[in-house]
1. I'd like to know if segment 48-55 contains one or more residues that are over 14 Å from V82 (Cβ atoms) and in contact (Cβ under 8 Å) with a residue 24 or more places away in the chain.
2. Within segment 31-50, work out how many residues are over 12 Å from the mean Cα position of the chain (by Cα) and open to solvent by 70 Å² or more (accessible area, probe 1.4 Å).
3. How many of the residues making up segment 4-30 are exposed (fewer than 14 other Cβ atoms within 10 Å of the Cβ), on the phi < 0 side of the Ramachandran plot and either over 12 Å from the mean Cα position of the chain (by Cα) or at pLDDT below 90 (or both)?
4. Tally up the residues in segment 52-66 that are crowded, with 17+ Cβ neighbours inside 10 Å and not hydroxyl-bearing (S, T, Y), please.
5. List, please: which pairs have Cβ atoms under 7 Å, are six or more places apart or on different chains, and start with a residue in segment 67-78 that is open to solvent by less than 70 Å² (accessible area, probe 1.4 Å) and end with one that is charged (D, E, K, R) and part of a loop (DSSP other than H, G, I, E, B)?
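The values are calculated or read from the model by the stated rules, or taken from the named source; none is laboratory data. Please read all numbers here as calculations on a predicted model, not as lab measurements. For neighbour counting, all protein chains shown are included, and Cβ atoms are generated from backbone atoms with ideal geometry for every residue, glycine included. Keep in mind that these areas ignore ligands, DNA and RNA; they rest on the heavy atoms of the full protein, side chains included. Shrake-Rupley method; radii C 1.70, N 1.55, O 1.52, S 1.80 Å.
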Amino acid sequence: TTASGGTTQDKFVLSLNYTGPSTGAYLGFYNTTTGQWQNAVTVNSDGGAGANFVNGAYNPATDFVLGDYGIDTSDDTVWAVVDHNSEFAVIPEPSTWTMLAIGACLLVVLRRKRCALR
């Protein structure tokens, strides 16, 4: 998802829903310089100094502070208060990526074995 607005003078809350494993998921942005995904609040105008994780739903009365971010597992949502444009996505925890990679490798191995048996 690409967010519009946000000029480092405006802060806004971006919230995305996810499906699948939720442990450790966060709202990420794609860093075109490094070619990697990272936590969206790390490139706020304060350099990520205000990063503050909240375990639960976004609460506009208390959480509209630049750098606040969190996960609401009861609603399958990640959210963050940011002040920049970017390509945003829900990023799973690293162990989830590892499990997905292992699963993909196993599928390749099984397919090659099947092809070899023909």
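1. Scanning segment 48-55 turns up no residue that is over 14 Å from V82 (Cβ atoms) and in contact (Cβ under 8 Å) with a residue 24 or more places away in the chain.
2. Selection size over segment 31-50: 5.
3. Going through segment 4-30 one residue at a time, the tally reaches 7.
4. 3
5. G67/D46
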